[in-house]
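S.K.: Following this message is one structure expressed as C-alpha cells.
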Amino acid sequence: MRLEEIKQALAEGRKVYHGNKNYEVIQDKIGQYLIVCSFNGYTIGLTHSDKQTMNGKEADFFSETPREIREAQVKALIEDIMSDPRPEDLPKIYQGLEHYFARERPEEIARQCKIRGDIDKKQERVRHESR
C-alpha cells in the first residue's frame, strides 16, 4: 500500500497492518501515523521525519478487506444477540443473517447452520422463560 492509501484506509475506519496483524498502523490523538506492536507496545513512526519515506516496504502494508470487516460485524452482532436477546428482535435478526449468508460462499453454510441453531435455541429458551 502506498502512504496515501494507508491514510485513506485509516480515515475510512479500516485497520491497516505492517507485515502481519501484530503490527497495526494507527493515527494517534495528535494526528501522527504510527506502527504499534500488539505484543509489547513498541511504536515507531509510519514515516521517517521527512513524512514521505515509510518505515517498511509498500508491499508489506495491508488493510482489512470489506469481507473481514463484514465478518467482524456479524460476529459482534451474534455475540450481542446471544448475550441478551429481546424476543421481538430475533425474527428480524434471523432474516438479516439469512440475507448476509445468502451472498457468501458455500463453505459458509456450516457456520450459517450453527448460528441458526444457536439463535433458534435461544429464541425457544426466551419463549419458555417468559411463560
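S.K.: Check whether at least one residue in segment 56-63 is at pLDDT 90 or above and assigned to a loop (DSSP other than H, G, I, E, B), and report yes or no.
M.R.: yes
S.K.: Need pairs with beta-carbon distance below 6 Å; first residue within 19 Å of Q73 (Cβ to Cβ) and within segment 1-15, second acidic (D, E); sequence gap 6+ or separate chains.
M.R.: What qualifies is R14/E64; K15/E64.
S.K.: Let me ask something else. Report whether or not E79 is part of a helix (DSSP H, G or I), at pLDDT below 95 and closer than 21 Å to E12 by Cβ. If you could, list the steps in order and put the result at the bottom.
M.R.: Numbers: part of a helix (DSSP H, G or I): yes; at pLDDT below 95: yes; closer than 21 Å to E12 by Cβ: no.
Against the criterion (part of a helix (DSSP H, G or I), at pLDDT below 95 and closer than 21 Å to E12 by Cβ), E79 does not qualify.
S.K.: If you don't mind, there's one more thing I want to ask. Being out of contact with any strand residue (DSSP E or B) (no Cβ under 6 Å at 6 or more places or on another chain) and of a type in the set (D, E, K, R) is the requirement here; does E24 meet it? Even if it seems obvious, please write down each step before you answer.
M.R.: Values: out of contact with any strand residue (DSSP E or B) (no Cβ under 6 Å at 6 or more places or on another chain): no; of a type in the set (D, E, K, R): yes.
No.
S.K.: Yes or no: E71 of a type outside the set (V, I, T), at pLDDT below 90 and open to solvent by less than 70 Å² (accessible area, probe 1.4 Å)?
M.R.: Details: of a type outside the set (V, I, T): yes; at pLDDT below 90: yes; open to solvent by less than 70 Å² (accessible area, probe 1.4 Å): yes.
Here the answer is yes, as E71 does meet what is asked.
S.K.: Something else about it: Hand me the list of strands (runs of 3 or more DSSP E) wholly inside segment 1-53 holding 2 or more residues that are within 15 Å of E64 (Cβ to Cβ) and open to solvent by less than 60 Å² (accessible area, probe 1.4 Å). Quick ask: steps written out before the conclusion?
M.R.: Details: elements: 16-18, 20-27, 33-37, 43-45.
The qualifying strands (runs of 3 or more DSSP E) are 16-18, 20-27.
The values are calculated or read from the model by the stated rules, or taken from the named source; none is laboratory data. Because the structure is predicted, anything quoted here is derived from the model rather than measured. Cβ sites come from the backbone with ideal geometry, for glycine too, and all protein chains shown count toward neighbours. The area values use the complete protein model at the heavy-atom level, side chains included, leaving out ligands, DNA and RNA. Shrake-Rupley method; radii C 1.70, N 1.55, O 1.52, S 1.80 Å.
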